Amino acid sequence: MKIAISGKGGVGKTTLAALLAQAYANAGRNVLAVDADPSPCLAGALGFPPKLRAQLHPIAEMDDLILERTGARPGTTGGFFTLNPRVDDIPERFSVLHRGVRLLEMGSVDLGGSGCICPESALLKTLFTHLLFRKDDMLVLDMYAGVEHLGRATVDFVDAMIVVVEPTRRSLGTAAQIKHLANDIGLTRLWLVGNKVLDEEEEAFLERETPGLPVLGFLPADLAVQEADRLGIAVYDHVPALRHSAEHMAEILEHQIFKEE
Ligand SMILES: Nc1ncnc2c1ncn2[C@@H]1O[C@H](COP(=O)(O)OP(=O)(O)OP(=O)(O)O)[C@@H](O)[C@H]1O
Ligand SMILES: [Mg+2]
């Protein structure tokens, strides 16, 4: 099962990605979590200890690997390089495993075709497509804001795309935009998750104003989320209210997706 998480900046994509990844891992699934944000922070949200975090480096920044696989140095244009480099060994070699979650940092990925034709994007695009083709038990993708950077492969292989919103009109506006862009490229399996929700009134607001996306669930606003970050521990361990909500969402998603198949 492959889940992509998107939404406006700062709404809680990484927090939700970490919660779902840990929920599925604890349910006995083999989870590959992919941080596709140019400034990765999923490792922190998952509570990876500093020693393991030090072993992680975004693939986009591995100049020697990019040279070895594509035949050209990142940043070079106009020369020859391979457009379909070998990538099958990358997920295992460069990921780090902690409490059942295998984490891979991709770095900045532009899959939509607007990116440069350069060695690094050839490697990242091939790797991304490979990840989507793999028969991973569970793939959780922490994307960055928007869907402009999503390509065909995402549409064909992602089972669910979650759009995270805060209970504000502005945030819902972005969700509507994402829905529009997603539908333009044929992606329809979208869900809404309301984060930082204070009370039932805010839940009702989101239910009422959703841009036509089914609501998967809500995560309460809780200052302990920031506290977990300061303490360097997983939100999953530190904030039971969020853990319970995320576990419930994980179950619904699985149920819905397998029902469709
Ligand atoms: N339910 C919550 N209650 C309180 N604070 C939260 C909650 N969820 C997330 N936060 C806080 O909001 C901030 C943004 O969260 P997060 O990094 O998960 O968002 P993001 O969408 O991944 O951001 P970015 O767009 O920068 O990648 C963090 O400081 C986080 O601690
Ligand atoms: Mg993030």
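The values are calculated or read from the model by the stated rules, or taken from the named source; none is laboratory data. Bear in mind that the values here come from a model prediction, so they are computed numbers and not experimental data. Every residue, glycine among them, receives a Cβ derived from its backbone with ideal geometry; neighbour counts consider all protein chains shown.
Note on region 63-84: residues that are hydroxyl-bearing (Ser, Thr, Tyr) and within 9 Å of ALA122 (Cβ to Cβ) total 2.
Name the residues in region 49-59 that are over 25 Å from LYS135 (Cβ atoms) and either within 13 Å of ligand 1 (Cβ to nearest atom) or not basic (Lys, Arg) (or both), would you?
Filtering region 49-59 for residues over 25 Å from LYS135 (Cβ atoms) gives 49-55, 57.
Those that are over 25 Å from LYS135 (Cβ atoms) and either within 13 Å of ligand 1 (Cβ to nearest atom) or not basic (Lys, Arg) (or both): PRO49, PRO50, LEU52, ALA54, GLN55, HIS57.
Counting only residues that are modelled with pLDDT under 95 and more than 25 Å from GLY173 (Cα to Cα), region 9-26 holds 0 of them.
Rundown of residues vs (1) within 13 Å of ligand 1 (Cβ to nearest atom); (2) of a type in the set (S, T, N, Q), yes/no style:
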position	(1), (2)
GLU207	no, no
THR210	no, yes
PHE218	yes, no
ALA221	yes, no
ALA224	yes, no
GLY232	yes, no
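Out of the residues in region 35-60 that are outside any loop (DSSP other than H, G, I, E, B) and within 12 Å of ligand 2 (Cβ to nearest atom), state the one that is farthest from LEU139 (Cα to Cα). Before you say what the answer is, go through the steps one by one.
Keep residues of region 35-60 that are outside any loop (DSSP other than H, G, I, E, B), which gives 35, 42-45, 50-53, 59-60.
Within this subset, residues satisfying the condition of being within 12 Å of ligand 2 (Cβ to nearest atom) are 35, 42-45.
Details: ASP35: 11, LEU42: 14, ALA43: 15, GLY44: 18, ALA45: 17 Å.
It comes out as GLY44.
Kindly evaluate LEU150 against the criterion of being at pLDDT below 85 and in contact with a Phe, Trp or Tyr (Cβ under 9 Å, 6 or more places away or on another chain). Write out each step before concluding.
Values: at pLDDT below 85: yes; in contact with a Phe, Trp or Tyr (Cβ under 9 Å, 6 or more places away or on another chain): no.
Taking the combined requirement at face value, the residue does not satisfy it.
Residues in region 213-221: is at least one in contact with a His (Cβ under 8 Å, 6 or more places away or on another chain), at pLDDT 90 or above and closer than 22 Å to ALA45 by Cα? Within region 213-221, one or more residues are in contact with a His (Cβ under 8 Å, 6 or more places away or on another chain), at pLDDT 90 or above and closer than 22 Å to ALA45 by Cα.
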